[in-house]
Amino acid sequence: AEEKATVATLLSNSAMALLRLAAEHIEKMRPAEAPARYRDALDHCEKALVGAPQGFDVSKVYYRKALALEGLKRFDEARGAMETGRREAKASGDAEAAARLQKELKRLERSQRSHDEELEAAAARRYMTEPDLARVSSARAQPQMFAPDASSRVQFGNHMFQLAAGSRRASESAASLA
């Protein structure tokens, strides 16, 4: 059991080193290299969880797994791993770690919202003309128009797609008349 605990600890620590390496790749403008490090970190966390002996505190391993999943933009899985880590910390009597993980859950939710907004903006820019972008910008400035819930984000995305499709059809019609 002691050997299994040592292996689980080493795998967890190597996962943390890989997470730091991924962050360094991003900071040094080599973001294409980061996903491989996140995948490696995730693999190390999963091996640590499988090999961890009974009674081993796995809350830190779940936290690191959540960070790797977040880096891979797999937010739902990251949230699940973070929740499991919080529950494990609570079950082991580590109230301080449970509180830290609760704060990390909130940070993860903000990170997901920010990522979703970036995707919406990128999709809008990709399919929209300048006048359409101006309308979206003015609509975004009025927060009461778009609630931050998931269904509103989907509706907003559908609206952007319809605007873009309409703009393309209008452009094609104008070109055919010329």
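The values are calculated or read from the model by the stated rules, or taken from the named source; none is laboratory data. Given the structure is predicted, the values throughout are model-derived calculations rather than measurements. Here Cβ is always computed from backbone atoms with ideal geometry, including for glycine, and neighbour counts include all displayed protein chains. Protein only, heavy atoms only, side chains kept; ligands, DNA and RNA dropped before computing areas. Shrake-Rupley method; radii C 1.70, N 1.55, O 1.52, S 1.80 Å.
Electrostatic tally near His25: other residues with Cβ closer than 14 Å to its Cβ, Lys and Arg +1, Asp and Glu -1, net +1. Solvent exposure of region 84-130, expressed per residue, is 67 Å² of accessible area, with all protein chains present and a 1.4 angstrom probe. Local charge for Ala15 was computed over the other residues whose Cβ lies under 14 Å away, with Lys and Arg +1 and Asp and Glu -1, and equals +3. Expressed as a whole percent, the accessible surface of region 1-124 that belongs to carbon and sulfur atoms is 51, based on a 1.4 Å probe. Please go through the residue pairs Lys4/Lys28; Lys73/Lys106; Lys4/Lys73; Lys65/Lys90 and name each one whose alpha carbons sit more than 27 Å apart in this structure. In this structure, Lys4/Lys28; Lys4/Lys73 exceed 27 Å between Cα atoms.
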